[in-house]
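Worksheet: one structure, shown below.
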Amino acid sequence: MLAISANTQAGEDLIDALNKAKMMEVSPTGKDILSRLLENADIAREENIPMCQDTGMAVVFVEMGQDVHLVGGTLKEAVDEGVRQGYADGYLRKSVCHPFTRKNTGDNTPAVLHLELTGGDRFKITVAPKGFGAENMSRVTMLPPSAGLEGVKDFVVQRVKAAGPNPCPPTVVGVGIGGTFEEVAMMAKKALLRPLGSQNSDPEANRLEKELLSEINRLGIGPQGLGGHVTSLAVHINFMPTHIASYPVAVNMQCHASRHKSAEL
Ligand code: SF4
């Protein structure tokens, strides 16, 4: 069910962000595109049809308490079965293929599963269908420490500039800073799950998010890349300490169909 609702029911935070973007946009074409995106989200919600034809690869985040005990099969099997059923029942496009033969797996599995062990007996699952117009525009880099924060900012802004219209703007820009090669990408992806319009709990990261968003929105790419002020709806940053010899940075691009739905057991 989460696979279907994530694809068909835009979150209130996304609707609010698109409405705010429409008010801020100066280009008439950009304004018109934002109106159409809002209309598209309304139709998708009312008719229970996907917001976009690319219903994505299912990225699934599970936060599972250490006291939870699963019976009757593995978590991976259960997640894949849920994705299989959701994509079949919701008539969602199956977009997953073997990397060598490019043969479609036929049921949109396997899902990408990220498991985080937490305390207690809580089980939270989030399904985030990821379209690859935006995913293809994402990048990881290992900057030298001498690049400094200026180098980090430059990498993020230049990535959005190079992506241009390809990730279907207005985008959400997930940024990871620090950690290791794999962790920085994970931080960038998880940053996309934060509600739009929320503030970063770290004051320095919060300031950096605003600075980056304002620089990005001066690029002039605009809604759907046809020019305008609103290239991105938000920049979200996650960070952690890193090795003294490196400055890892990741940018995970998310399109205007910024989709994710959660449930807690
Ligand atoms: S990038 Fe997003 S909006 Fe664009 S085609 Fe893919 S899923 Fe759809």
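The values are calculated or read from the model by the stated rules, or taken from the named source; none is laboratory data. In this text, all values refer to a predicted model and were calculated from it rather than measured experimentally. Don't worry about glycine lacking a Cβ; one is built from the backbone with ideal geometry, like all the others, and counts go over all protein chains shown. These area figures cover heavy atoms from the full protein model, side chains too; ligands, DNA and RNA do not enter into them. Shrake-Rupley method; radii C 1.70, N 1.55, O 1.52, S 1.80 Å.
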**Q.** Candidates Ile221, Ile177, Ile244: whichever shows maximal mean-square fluctuation once the chain is modelled as a Gaussian network with Cα springs under 10 Å
**A.** Ile244
Q. Hey, got the dipole for the range 85-185? About the Cα centre, +1 on K and R Cβ, -1 on D and E Cβ, debye to the nearest 20?
A. 380 debye
Q.
Let me confirm the definition first: pairs of Lys residues in the range 83-229, 8 or more apart or on different chains, C-alpha distance under 18 Å. How many are there?
A. 10
Q | Placed amide H near Val230: partners under 5 Å, 5+ positions off or other chain | A | Val26
Q: With θ set to phi - 60°, apply the Karplus curve 6.51 cos²θ - 1.76 cosθ + 1.60 along the range 121-135 and write out the HN-Hα couplings as whole Hz, x wherever there is a Gly or Pro.
A: 10, 8, 9, 10, 10, 10, 10, 10, x, 10, x, 9, x, 7, 4
Q) What Cys residues in the chain have no fellow cysteine's beta-carbon under 4.7 angstrom? A) Cys52, Cys97
Q) In the neighborhood of Val68, defined by Cβ-to-Cβ distances under 11 Å, what is the net charge if each Lys or Arg adds +1 and each Asp or Glu adds -1? A) -1
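Got the relative contact order for the chain handy, in percent, Cα pairs under 8 Å and 6 or more residues apart?
Here the relative contact order equals 27 percent.
If I take every Cα pair under 8 Å that is 6 or more residues apart in the range 130-265, average their sequence separation and divide by the length, what percent do I get for the relative contact order?
RCO, the range 130-265: 42 percent.
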Q: Would you grab the residues whose amide H sits under 5 Å from the one on Leu113? Only those 5+ places off in sequence or on another chain, please, with H modelled 1.01 Å from N.
A: Val60
Q | Within the chain: Cβ-based charge dipole about Cα centre, in debye rounded to nearest 20 (Lys, Arg +1; Asp, Glu -1) | A | 660 debye
Q: Please give the peptides 85-91, 69-75, 232-238, 30-36 ranked by average Cβ packing (other Cβ atoms within 10 Å per residue), highest first, as a rough proxy for protection.
A: 232-238, 30-36, 85-91, 69-75
Q | Relative contact order, percent, the range 1-114 [alpha-carbon distance under 8 Å, six or more residues apart] | A | 30 percent
Q: Express the carbon and sulfur contribution to the solvent-accessible surface of the range 224-265 as a percent, rounded to the nearest whole number, probe 1.4 angstrom.
A: 64 percent
**Q.** Cα-Cα P(r), the chain, percent of pairs per 10 Å interval
**A.** 7, 28, 35, 23, 6, 0
